[in-house]
Amino acid sequence: MATTILAEKQEILTALDQRDKELRELALMIHANPELSFKEYKAAEWLSAYLEKEGFQVERGVAGLETAFTAVWEGNPGGPVIGILAEYDALPNLGHACGHNLIGTAAVGAAVALKDAYPKLQGTIKVIGTPAEEGGGGKIYMCNHGTFNDLDAAMMVHPKNKTMVLRGGLACMTATFSFYGKESHAASAPEKGISALDALIQSYNAINSLRQFFTDDVRIHGIITKGGDAANIVPGHCEAQFIIRAATTNRLHEIKEKVYEAVRYSGQSVGAKYKIEEGLIYAERNNNHALAELFKENWEAMGIEVEDPPKQGGIGSSDIGNVGQVTATIHPYIKIGENTNHTFEFTEDTKSEGGMKGMNQAAAGLAMTAYDLCTNPDALKAIRDEFEAWKKTQGR
């Protein structure tokens, strides 16, 4: 079976190998120029310009986001519309410690290699440049704009220290808590002040006290972003930012209300006013199992060992979850080294030989699976049937 798969799609692998040098250069150029959420001007232009040069119809500034783009290539008319998603934002201080330089370039490489290998493929390939995954929620804005509505399936591959096709993701949101008290001299007239810092610290402790009563899927973590201006002034304004996660969006709403109550009562307990600013909600990941199995078969045909995801824990959140609410979606991972994401060590991995090899394997899996979707109607039907059945369970 594996030999048959590779023989059928060998032209894709050959096309990728022929472009390997320039794809490496593109990934390393993005790595050397890390850009934060919604500021990925260089990366978005380099990726979209590469596709435009190869004959893709490019639209920039999609969904009102300056660094979002779509690039479309249609082979023969008819067939499905397959989305290959690109990410390219970096992390503060760490640079490309999540490997988005590899994600964006792998998406571009997959699309171009597929076009090279099968110029008359019956189907449409749509590379979608999605900015600001690291906290900005670019895909959420694009979902609201309808960017993914015409896709029969959507895929992307993320670098990691383990190869998986079905890892989950928690629903997630950010919340900023601001407290307003009254400044006063902390030594000569403390009785005239109201400490916003005390309100904040009590909130922090109250939120911590809730943890033992939450189920194991819940994660709450935060930092104090403003603790006052000087030690001899009763703090009049303090802020903290928290991230709240849970297994589902519905569960997330339940948890956040309990957290908000802790914030409200903590502020009131010292006489401080408070403000709660809620960020975008990242939906839980809805993996399409039929699509994941197809992807897994392609990787295994290449000799890539695919591991099972952890049964408990070990998962984060991503705005790919919102795309999975719109169409059949997968978010596999490819091993590029032994280090953990969001570390300086992983930043090094994402420009290493292991990173370059993983990028090639990611692109191959994407291109081969897109080919399957365009040439195997039964496989596509199974994927779509699974997604439509899931929608019914959600009352949609």
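What the phi angles of the range 280-291 give under the Karplus curve with 6.51, -1.76 and 1.60, with θ = phi - 60°, is a coupling list of 5, 9, 7, 6, 4, 7, 10, 6, 8, 5, 5, 5 Hz, glycine and proline written as x. The alpha-carbon of LYS381 sits under 20 angstrom from the alpha-carbons of these aspartates and glutamates, leaving out residues fewer than 8 places away in its chain: ASP150, ASP152, GLU293, GLU297, ASP372.
For the range 311-355, the square roots a ≥ b ≥ c of the C-alpha gyration tensor eigenvalues yield an a/c of 1.5 or more together with a/b exceeding b/c, which makes the shape prolate.
With axes computed from alpha carbons, what is the tilt in degrees of helix 353-375 against the longest principal axis of the chain, rounded to the nearest 10 within 0 to 90? Tilt relative to the chain: about 60 degrees.
Roughly to the nearest percent, how much of the accessible area of the chain is carbon and sulfur, given a 1.4 Å probe?
Working: 8440 of 16870 Å².
Answer for the chain: carbon and sulfur cover 50 percent of the accessible area.
Lysine pair count for the range 171-282 with Cα-Cα distance under 20 Å and sequence separation of 8 or more or different chains is 11. Helix 249-270 versus the longest principal axis of the chain: what angle, 0 to 90°, nearest 10, using Cα atoms? Compared with the principal axis, the helix lies near 20 degrees. Remark: for residue pairs LYS311/LYS392; LYS296/LYS392; LYS21/LYS351; LYS42/LYS162, the C-alpha separation exceeds 19 Å in LYS311/LYS392; LYS296/LYS392; LYS42/LYS162.
Look at the dipole of the chain built from charges on Cβ: of TYR282, CYS98, ALA367, the Cα furthest out on the positive end belongs to TYR282. If I take R0 = 45 Å and measure r between the Cβ atoms of GLU45 and HIS253 in this structure, what FRET efficiency does the formula 1/(1 + (r/R0)^6) give, to the nearest 0.05? Once rounded, the FRET efficiency stands at 0.70.
Highest mean first, what order results for 125-131, 43-49, 372-378 on Cβ atoms within 10 Å? If you can, show how the numbers build up before the last one.
Numbers: 125-131: 28.7, 43-49: 21.3, 372-378: 16.7.
Listed from highest to lowest mean packing, they are 125-131, 43-49, 372-378.
Taken over the range 171-282, the ratio of Cα radius of gyration to 2.2 N^0.38 Å equals 1.13.
Taking Cα atoms only, the orientation of helix 196-210 departs from the longest principal axis of the chain by about 60 degrees.
Rounded to the nearest 20 Debye, what is the dipole magnitude of the chain about its Cα centre when Lys and Arg each give +1 and Asp and Glu each give -1 at the C-beta?
Numbers: 38 positive and 51 negative charges, 184 e Å.
Computed charge dipole of the chain: roughly 880 debye.
With the crude spin-label approximation of a point 7 Å out along Cα→Cβ, what separation in nm comes out for PHE213 versus GLU277? Distance between the two pseudo-spin positions: 2.9 nm.
Computed from Cα atoms alone, the Kirkwood hydrodynamic radius reported for the chain is 22.3 Å. Close amide H pairs (under 5 Å, H built 1.01 Å from N) link ILE233 with ALA186, residues at least 5 positions away or on another chain. Each of VAL72 and ALA7 was given a label point 7 Å from its Cα along the Cα-to-Cβ line. The distance between the two points is 3.7 nm. Each peptide in 193-201, 54-62 receives the mean, over its residues, of other Cβ atoms within 10 Å, and ordering these scores from highest gives 193-201, 54-62. Once the Cβ-Cβ distance of ALA186 and ILE224 is raised to the sixth power relative to R0 = 22 Å, the FRET efficiency obtained is 0.75. Near the amide H of GLY123, within less than 5 Å, lie the amide hydrogens of GLY75, ASN76, all on another chain or at least 5 residues away, with H placed in the peptide plane.
In the chain, helices alone account for a calculated mean residue ellipticity at 222 nm of -14000 deg cm²/dmol, with every DSSP H run of four or more residues adding -39,500 (n - 2.57). When DSSP beta bridges are restricted to pairs lying wholly in the chain, around 70% turn out antiparallel. In this label model, GLU353 and MET302 are separated by 1.8 nm, measuring between points 7 Å along each Cα→Cβ vector. Shown here: the range 1-96, whose C-alpha atoms stretch 46, 30, 24 Å along the first, second and third principal axes, sorted largest to smallest.
The values are calculated or read from the model by the stated rules, or taken from the named source; none is laboratory data. Everything quoted here is computed from the prediction, not taken from an experiment. When we count neighbours, we look across all protein chains shown, and the Cβ atoms used for this are built from the backbone with ideal geometry, even at glycine. Note: accessible area is taken over every heavy atom of the protein model, side chains too, but ligands, DNA and RNA are not part of it. Shrake-Rupley method; radii C 1.70, N 1.55, O 1.52, S 1.80 Å.
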